[in-house]
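Student: Just passing along the structure, written as structure tokens.
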Amino acid sequence: MYGMVNQALEDMLIERFGRPAWENVKKEAGVNVEVFITSNAYPDQMTYSLVGAASRTLGMTTEEVLRGFGQYWILKTARDGYGELLNLGGSNLPEFLENLPTFHTRISLIFSHLQPPGFSCQDITATSLRLRYYSDRPGLSQFVVGLLEGLGDMFKTPVRVLQEGSAGPDRDYDLFLVEWEQPQP
């Protein structure tokens, strides 16, 4: 993963738990990097180790860490660093979700070696859709839940996310039901 992911995790943990907690997480994970360079690639296992160490060190489940990180990613990291790209995605939650499949295409123009996840929307109604999440990186479904909740917050639209299925031998995607309140005219 790119350093921007690890840097964002560091920022979130320092902001919420303090620098000493972050140093303990790094030590527990066996990570000796002083500064993550956002445009450099780091092994995926490093990120997984940091998340696991955060879970153990902070007394949280891995799912809680990932979900909180997904929310933080949207509300802080993405907005601060890629606000203009986010704005291109749509002016409301349903529009943004329908445009999500093209979002990482735009990001790939910036990060040439990006291995982005894939998204597709189906069963679209005025207040819900089903989102398929395709990724070569296992175990990140709660990060996606956090991202979707963060998008709801960003668009000031209450959202409910339910994971209906997981990738496995007969399915190459996680499936989420995303429901929101109908925007008022």
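Student: Tell me, please, whether a residue that is of a type outside the set (Gly, Ala, Ser) and modelled with pLDDT under 80 can be found in the stretch 56-77.
Tutor: yes
Student: Can you tell me how many residues within the stretch 140-156 are modelled with pLDDT under 95 and farther than 15 Å from Leu100 by Cα?
Tutor: Counting residues in the stretch 140-156 that are modelled with pLDDT under 95 and farther than 15 Å from Leu100 by Cα gives 2.
Student: Scan the stretch 103-155 for residues that are among the hydrophobic types (A, V, I, L, M, F, W, C), in a strand (DSSP E or B) and over 16 Å from the mean Cα position of the chain (by Cα) and jot them down.
Tutor: Step one: list which residues in the stretch 103-155 are among the hydrophobic types (A, V, I, L, M, F, W, C), which gives 103, 107, 109-111, 114, 119, 121, 124, 126, 129, 131, 140, 143-145, 147-148, 151, 154-155.
Next, only the ones that are in a strand (DSSP E or B) stay: 119, 121, 129, 131.
If the condition is that a residue be among the hydrophobic types (A, V, I, L, M, F, W, C), in a strand (DSSP E or B) and over 16 Å from the mean Cα position of the chain (by Cα), then Cys121, Leu129 are the ones that fit.
Student: Checking the condition over 30 Å from Pro43 (Cβ atoms), crowded, with 16+ Cβ neighbours inside 10 Å, of a type in the set (Gly, Ala, Ser) and touching a residue at least 24 places away in the same chain (Cβ under 8 Å), which residue from Gly152, Gly146 passes? If you could, list the steps in order and put the result at the bottom.
Tutor: Numbers: Gly146 fails: over 30 Å from Pro43 (Cβ atoms).
Within the list Gly152, Gly146, the selection yields Gly152.
Student: Something else: Just the residues that are in a loop (DSSP other than H, G, I, E, B) and farther than 15 Å from Glu95 by Cα, please, taken from the stretch 165-184.
Tutor: Applying the first criterion (in a loop (DSSP other than H, G, I, E, B)) to the stretch 165-184 yields 166-167, 169-170, 172-173, 181-184.
Within the stretch 165-184, Ser166, Ala167, Pro169, Asp170, Asp172, Tyr173 meet the criteria.
Student: Based on what the data block shows, is Leu162 without any contact (Cβ under 8 Å) to a residue 40 or more places away in the chain and in a strand (DSSP E or B)?
Tutor: Details: without any contact (Cβ under 8 Å) to a residue 40 or more places away in the chain: yes; in a strand (DSSP E or B): yes.
Criteria met by Leu162.
Student: Also: In this structure, is Ala29 in contact (Cβ under 8 Å) with a residue 24 or more places away in the chain, surrounded by fewer than 16 Cβ atoms within 10 Å (Cβ to Cβ) and at negative phi?
Tutor: Numbers: in contact (Cβ under 8 Å) with a residue 24 or more places away in the chain: yes; surrounded by fewer than 16 Cβ atoms within 10 Å (Cβ to Cβ): no; at negative phi: yes.
No, not satisfied.
Student: If Leu131 satisfies all but one of (1) under 27 Å from Trp22 (Cα atoms); (2) modelled with pLDDT of 90 or more, what's the number of the condition it fails?
Tutor: (1)
The values are calculated or read from the model by the stated rules, or taken from the named source; none is laboratory data. For clarity, every value in this text was computed on a predicted model and none was experimentally measured. Cβ: placed from backbone, ideal geometry, glycine included. Neighbour counts: every protein chain shown.
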